[in-house]
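To keep things clear, I will list the structure first and then write my remarks on it.
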Amino acid sequence: MTDAARAGQFLGQRIGEKQVHELIGIARGLLADGHLNDSEIEFLHRWLAANEGARSNPLVSQLIARLNASLADGVIDDDERRDLQETMMALTSNDFELGEVLKSSTLPLCNPAPEILLGGARMCFTGTFTYGTRRECEAAASALGASCGSLTQKTTYLVIGEYATESWKHSSFGNKIMQAVEWRDSGIPISIVSEQHWRRFI
């Protein structure tokens, strides 16, 4: 690689880092009131289209993919809005290292992790997933015989997305995890597993 190429690559990395940090600031501002409206989502989509350097970060790439999917039909439904909010919250968390996922030991996962029998299982997905949107995860599980939906005492497996943060207890999906832990501790047979573990069975 020539000196000029190295300099160009370094400059590109610096621009990308700057844009990611700018994006984090924008996302924090958009999330400040606890609601993400359509005009804010459209603004974020336009900003990302104009700032390609930020796309090298894998979580930003996930955000872009979810924005594209949400805007494709011109209607942003509640599930899509929630997916976008959770992806943005993972990105803006103070203790989130860009492009890395949380070590599973910090989450209240079942240990040892159970075998996942999808046929006839009731599954609930929470958090932000590397596999795709929550709907895509549900579709993959449903194709193998599981039923998917909200967390109830009849849920067999709660699957937590890999893009969780150290401060998960204070996240939008923290209450769901804590509820599952409470039920599990009281003897209700619900398993809490990571996305990585779930993906071994699909």
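Some observations on this one:
For every residue, the table says whether it meets (1) of a type in the set (V, I, T); (2) part of a loop (DSSP other than H, G, I, E, B); (3) modelled with pLDDT under 85; (4) more than 14 Å from the chain's Cα centre (by Cα).
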position	(1), (2), (3), (4)
N68	no, no, no, yes
L98	no, yes, yes, no
S105	no, no, yes, yes
C110	no, yes, no, yes
I116	yes, yes, no, yes
G119	no, yes, no, yes
Q153	no, yes, no, yes
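- Residue among I190, I177, I160 that alone is at pLDDT below 95, crowded, with 18+ Cβ neighbours inside 10 Å and in contact with a Phe, Trp or Tyr (Cβ under 7 Å, 6 or more places away or on another chain): I177
The values are calculated or read from the model by the stated rules, or taken from the named source; none is laboratory data. Just so it is clear, the model here is predicted, and its values are computed rather than measured. Note that each Cβ is placed from the backbone with ideal geometry, even for glycine, and that neighbours are counted across all protein chains shown.
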